[in-house]
Amino acid sequence: MGERRLVIDHLKFSYDGLFNVNELYSVISGWFFEKGYDWHEHMNQELVTTEGRQVRLILEPWKSVTQFYKLIVNIHLNLIDLKGVEVEHKGQTVQLSQGTVRMTIDGYVMSDRSGAWTRKPLYWFFTMVGQKYFFRDHFARMEAWLKSDVDDMYNKVKNYLNVMKYTYQG
């Protein structure tokens, strides 16, 4: 396999309040679908405790941008102490969750995604020299592309959660 280079290291986001879990998941998955990413869900775990539900998701969307480069985003989503609440919004009763959202995002650029240039030591050497001295601008473009995509997704999730302004009388 090729080399994974860490570009975005632990971009964190935390939110405490009311939100719809299904809509949050749809916002994240819909954004990646819109941008042409493929999707892999490593973990989807739920634990019910006396404080509320604990949900842990590990998502790994990726996008093959060229035959050589692949963009990988790793998302750890922890939903802590979720409690179901009913909120009245514009005259209708809406089912929401009260709890904490913690999201951590890592971004990687993977070179030689098919592994063709790392099978033999001589090929690996030529690949490393070529990437370091001749094709540096290609990696920089992939890095900028990944940063732009992660920033856009981060802001979309942040805006979604901050726009959810419901009042809870409990």
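The values are calculated or read from the model by the stated rules, or taken from the named source; none is laboratory data. Not measured: the values here are computed from a predicted model. Don't worry about glycine lacking a Cβ; one is built from the backbone with ideal geometry, like all the others, and counts go over all protein chains shown. Heads up: the accessible areas ignore ligands, DNA and RNA and are worked out on the full protein's heavy atoms, side chains in. Shrake-Rupley method; radii C 1.70, N 1.55, O 1.52, S 1.80 Å.
Key figures for this structure:
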| item | result |
| --- | --- |
| Residue in region 132-139 that is under 26 Å from GLN54 (Cβ atoms) and modelled with pLDDT of 80 or more present | no |
| Test: residue in region 110-117 that is under 28 Å from SER14 (Cβ atoms) and at pLDDT below 95 | no |
| Filter pass, THR127 being crowded, with 18+ Cβ neighbours inside 10 Å, modelled with pLDDT under 80 and either farther than 21 Å from ASN22 by Cβ or of a type in the set (D, E, K, R) (or both) | yes |
| Any chance LEU59 is under 30 Å from ARG119 (Cα atoms) and aliphatic (A, V, I, L, M) | yes |
| In region 29-84, residue least open to solvent (accessible area, probe 1.4 Å) [restricted to those that are of a type in the set (Asp, Glu), part of a strand (DSSP E or B) and more than 20 Å from PHE13 (Cβ to Cβ)] | ASP38 |
| Check on VAL87, over 18 Å from the mean Cα position of the chain (by Cα), open to solvent by less than 70 Å² (accessible area, probe 1.4 Å) and of a type in the set (Val, Ile, Thr) | yes |
| Filter result for the condition that a residue is part of a strand (DSSP E or B) and farther than 30 Å from ALA140 by Cα, over GLY107, GLY99 | GLY99 |
| Exclusive hit being of a type in the set (A, V, I, L, M), out of contact with any Phe, Trp or Tyr (no Cβ under 9 Å at 6 or more places or on another chain), within 27 Å of LEU146 (Cα to Cα) and touching a residue at least 24 places away in the same chain (Cβ under 8 Å), set ILE80, ILE75, ILE105 | ILE75 |
| Qualifying residues in region 18-28 (those that are part of a helix (DSSP H, G or I) and farther than 22 Å from LYS147 by Cβ) - the one most open to solvent (accessible area, probe 1.4 Å) | ASN22 |
| Some residue of region 6-17 being of a type in the set (Val, Ile, Thr), open to solvent by less than 100 Å² (accessible area, probe 1.4 Å) and farther than 12 Å from VAL73 by Cα | no |
